[in-house]
Amino acid sequence: MQKHKVIIDTDPGIDDSLAILVALNSPELDVVGISIVEGNVPTDIGFQNALKVLREANRLDIPVFLGAKAPLQHEYTSAQDTHGMDGLGESGIPNVTNVEGPTVLSAQAGYEALLNQYDDVWFMALGPLTNVALSLQHYPDIWHHVSRLIVMGGAYKTNGNTSPVAEYNFWVDPDAADYVFKQSPVEIELVPLDVTRKIVLTPNILQMMAYLNPEKTDFIMKIMRFYFDFHWQQEHVLGAVINDPLVVIYVLHPEIATIIRKYVTVVTTGVALGQSIVDIADFWKKPANATILQDIDAKRVMAYIVGGLLGNDVDTIENELNMIATSLERLS
Ligand code: BDR
Ligand code: CA
């Protein structure tokens, strides 16, 4: 099987960590590098978390690059209230101290090295777009080696999760997001909050995972507790929205989504800071610069995520999910 080369730019982050694990477990993907951007946690903490995830997957051979520590222009705000001070749900997972190999490269140097080496690279952006914008500004030529740029960010018709209208990744660095929509040589595939919000990992799904594969679920259980507590206290949701893994699932199984192609821009000042505006009715007469996920088959996506994390077949997991649903229906 031909494996697609993948670079993941990320701010791990609980849901980022799940996305990385799913990507690492996908036989169709070859993750050739992971770059860290400021976001859920400061870059140095995100760097350590990527190493923890790689150790968990026994893939410490994959290079991790240190990226931007602050947004292009705005002041940086982390999401440690959501992901914990350590970014992994205050799980106490020990640092990785035994990494061997060359000195850590910057994200920009890492992209240059990888993109000059490979063609047809799929680039997944799971955090604020600062690293991507800086690369497009300073090294535009290497982006011709990227065939797909898939971005988790923005809110298309739904409300934001950081302001009434803004999603976190775009809100943290709206200038970078706006720049990337304007300058990317490949059409962005946008995975917005509208669809990621449907992916709620509940305590009973997690327990099911532990029954099916206790060893692989242990790490996930450790990092999810804090995320569950946050969602309960904040939104009275029993379970946690896991945004980023949908990027990986969509890339591998595009049939799970319906899409539209439109022109998108991001607001960089004022009360709507970070809002993604999708010109649905073509007022601006600009060519589409994004493919936007409109709707998804959420149960199938969850089955792919769980199957990807545990190494189980998707149909088996979907049957298990149906069983869980049935047990709740007995109350009706
Ligand atoms: C995005 O923000 C972060 O908290 C998540 O990791 C995700 O990438 C959702 O708004
Ligand atoms: Ca993220």
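The values are calculated or read from the model by the stated rules, or taken from the named source; none is laboratory data. Note that the coordinates shown come from a computational prediction; the quantities given were computed from them, not determined experimentally. Note that each Cβ is placed from the backbone with ideal geometry, even for glycine, and that neighbours are counted across all protein chains shown. We work out accessible area using only protein heavy atoms, side chains counted, and drop any ligands, DNA or RNA first. Shrake-Rupley method; radii C 1.70, N 1.55, O 1.52, S 1.80 Å.
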task = Count, please, the residues in the range 238-258 that happen to be in contact with a Phe, Trp or Tyr (Cβ under 9 Å, 6 or more places away or on another chain) and more than 16 Å from ligand 2 (Cβ to nearest atom).
result = 6
Sole residue being farther than 27 Å from residue 144 by Cα and of a type in the set (A, V, I, L, M, F, W, C), chosen from 8, 45, 34 = 45
request  = Considering (1) at positive phi; (2) modelled with pLDDT of 95 or more, say which one residue 236 fails and leave the rest.
outcome  = (2)
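To keep it simple, each residue is scored yes or no on (1) within 16 Å of ligand 2 (Cβ to nearest atom); (2) on the phi > 0 side of the Ramachandran plot; (3) not hydrophobic (A, V, I, L, M, F, W, C).
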site: 119; (1), (2), (3): no, no, yes
site: 122; (1), (2), (3): no, no, no
site: 126; (1), (2), (3): yes, no, no
site: 131; (1), (2), (3): yes, no, yes
site: 135; (1), (2), (3): no, no, yes
site: 144; (1), (2), (3): no, no, yes
site: 156; (1), (2), (3): no, no, yes
site: 159; (1), (2), (3): no, no, yes
site: 202; (1), (2), (3): no, no, yes
request  = Taking the options 27, 42, name whichever one is surrounded by fewer than 24 Cβ atoms within 10 Å (Cβ to Cβ) and farther than 21 Å from residue 215 by Cβ.
outcome  = 42
ask   = Would the range 63-73 turn up any residue that is under 30 Å from residue 217 (Cβ atoms), in contact (Cβ under 8 Å) with a residue 60 or more places away in the chain and of a type in the set (Phe, Trp, Tyr)?
value = no
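Yes/no per residue for (1) β-branched (Val, Ile, Thr); (2) farther than 26 Å from residue 9 by Cβ; (3) at pLDDT below 95:
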residue: 210; (1), (2), (3): no, yes, no
residue: 222; (1), (2), (3): no, no, no
residue: 249; (1), (2), (3): yes, no, no
residue: 257; (1), (2), (3): no, no, no
residue: 263; (1), (2), (3): no, no, no
residue: 267; (1), (2), (3): yes, no, no
inquiry  = Which residue is surrounded by the fewest Cβ atoms within 10 Å (Cβ to Cβ), if the candidates are limited to the range 172-188 and must be within 16 Å of ligand 1 (Cβ to nearest atom) and outside any helix (DSSP H, G or I)?
reply    = 188
Top-ranked residue in the range 109-132 [being more than 21 Å from residue 17 (Cβ to Cβ) and of a type in the set (Gly, Ala, Ser); ranked as least open to solvent (accessible area, probe 1.4 Å)] = 109
inquiry  = Among the listed residues 106, 135, identify the single one that is of a type in the set (S, T, N, Q), open to solvent by less than 10 Å² (accessible area, probe 1.4 Å), touching a residue at least 24 places away in the same chain (Cβ under 8 Å) and more than 16 Å from ligand 1 (Cβ to nearest atom).
reply    = 135
